Amino acid sequence: MVTECFCFKRNTLPSHYKVKEYCPLVFKNMRERFNISDESYLKSLTNGDVEPIDCSSGKSNARFYASYDKRYIIKSITSEDVEGLHNILTDYHKHIVETKGNTLLPHLLSVFRLTVEDKEIYLLVMRNVFSTKYKIHIKYDIKGSSVDRAASLKEKEKDSPTLKDNDLINDGRYIKIGTEAKNLFLAKLTRDVDFLCSLKIMDYSLLIGVTDLDKSIDSSLDSKVSEENKLESDQDNLSPTEDTEDTDDDQLNVPTPPDSPSSKLTYGLFGLPSQGPKKEVYFMALIDILTHYGLKKRSANVAKTVKYGADQEISTVKPDQYAKRFLDFVNKIIQ
């Protein structure tokens, strides 16, 4: 398969291959706004072999890989995705600039086309939502819909399944981060969702990873990442506006509990500690933002409405309807 091209080891690369980087100056500028240096970025992508990860529960057949230090996720995308990304790139870049990189949107860092033996694969590099230090014990892909929104039996048999909306409801799961953190999080999420809605984008998800602090911390990286790279990882996980004169008062990163090892961004850019008897950390951000509500999605909306009925919460709806339902659902599950 074409997607296997990226799995070559460094010492067994094919003799003929080509790599094209799309819009390098634009992505370089965005990496700077995400507080990612070229040196550390290059190290993460080249100092070790990427690792395939099984995190695709949808219908896209996309392949996912993690950089050797798990700081970045590499996703295979289609030529249609590349076109969709190109269509929103100017607006996305403007949003990153206006928010100073302080956003729950995917942190898009590079797009490449890899050609091996006349076979092409497009690769999108993104920042990992989850921490490199803490093991994720449960994860959910949330769209705010109820139709076909439960993980399959096959998915649940995986070592690290991706659960969905109905699974979260059936689990009786709530994201307990307290009123202050909830208000800050929802304000940021609403701003980003409004941006997506203005571009007529829908079908995005809120990725939620739950770490149980009473269980062991994932130390699998200790043998892979040097102390120098660990320090760099900590720095790259800082908020893009942290430690600058431009730090916003509405910064998402709220103080961690007093008994935490550090009172400053202990859980990285996307992590929020629980407020309650159970010690958990929630890593949350938006994913899958390249679906435009065009003719294909309009047709799917009609077909699903006929199949399930107009009163059912199907996932394929107009962007403004999708945004409202999505935000309402997230508001209900966060306490």
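The values are calculated or read from the model by the stated rules, or taken from the named source; none is laboratory data. Keep in mind that this is a model prediction, so the values were computed, not measured. Note: ideal-geometry Cβ built from the backbone for every residue, glycine included; neighbour counts use all protein chains shown. Accessible surface areas use protein heavy atoms only, side chains included; no ligands, DNA or RNA. Shrake-Rupley method; radii C 1.70, N 1.55, O 1.52, S 1.80 Å.
Output the residues belonging to the range 68-103 that are open to solvent by less than 10 Å² (accessible area, probe 1.4 Å) and touching a Pro at 6+ places or on another chain (Cβ under 8 Å).
Of everything in the range 68-103, those that are open to solvent by less than 10 Å² (accessible area, probe 1.4 Å) and touching a Pro at 6+ places or on another chain (Cβ under 8 Å) turn out to be GLY101, ASN102.
Among the residues of the range 132-140, are any open to solvent by less than 10 Å² (accessible area, probe 1.4 Å) and either under 22 Å from GLU280 (Cβ atoms) or aliphatic (A, V, I, L, M) (or both)?
Scanning the range 132-140 turns up at least one residue that is open to solvent by less than 10 Å² (accessible area, probe 1.4 Å) and either under 22 Å from GLU280 (Cβ atoms) or aliphatic (A, V, I, L, M) (or both).
Are any residues in the range 116-136 over 22 Å from PHE185 (Cα atoms) and assigned to a loop (DSSP other than H, G, I, E, B), and if so, which ones?
Hits for the range 116-136 are GLU117, ASP118, LYS133, LYS135.
Inspect all residues belonging to the range 104-115 and state whether any of them is part of a helix (DSSP H, G or I), surrounded by 15 or more Cβ atoms within 10 Å (Cβ to Cβ) and either modelled with pLDDT under 95 or more than 14 Å from the chain's Cα centre (by Cα) (or both).
For the range 104-115, residues part of a helix (DSSP H, G or I), surrounded by 15 or more Cβ atoms within 10 Å (Cβ to Cβ) and either modelled with pLDDT under 95 or more than 14 Å from the chain's Cα centre (by Cα) (or both): absent.
Do you know which of the residues in the range 276-294 that are under 16 Å from LEU213 (Cβ atoms) and surrounded by fewer than 17 Cβ atoms within 10 Å (Cβ to Cβ) is modelled with the lowest pLDDT?
GLY276
Condition first: in contact with a Pro (Cβ under 7 Å, 6 or more places away or on another chain) and modelled with pLDDT of 95 or more. Now tell me which residues in the range 1-34 satisfy that.
If the condition is that a residue be in contact with a Pro (Cβ under 7 Å, 6 or more places away or on another chain) and modelled with pLDDT of 95 or more, then ARG33, PHE34 are the ones that fit.
Looking only at the range 162-183, which residues are of a type outside the set (Lys, Arg) and surrounded by fewer than 19 Cβ atoms within 10 Å (Cβ to Cβ)?
Residues satisfying the conditions are ASN166, ILE169, ASN170, ASP171, GLY172, TYR174, GLY178, THR179, GLU180, ASN183.
Whether any residue in the range 299-314 is modelled with pLDDT of 60 or more, within 30 Å of GLU80 (Cβ to Cβ) and either among the hydrophobic types (A, V, I, L, M, F, W, C) or surrounded by 19 or more Cβ atoms within 10 Å (Cβ to Cβ) (or both) is what I want to check.
no
What do you reckon, is LYS156 among the charged types (D, E, K, R), touching a helix residue (DSSP H, G or I) at 6+ places or on another chain (Cβ under 9 Å) and open to solvent by 50 Å² or more (accessible area, probe 1.4 Å)?
Here the answer is yes, as LYS156 does meet what is asked.
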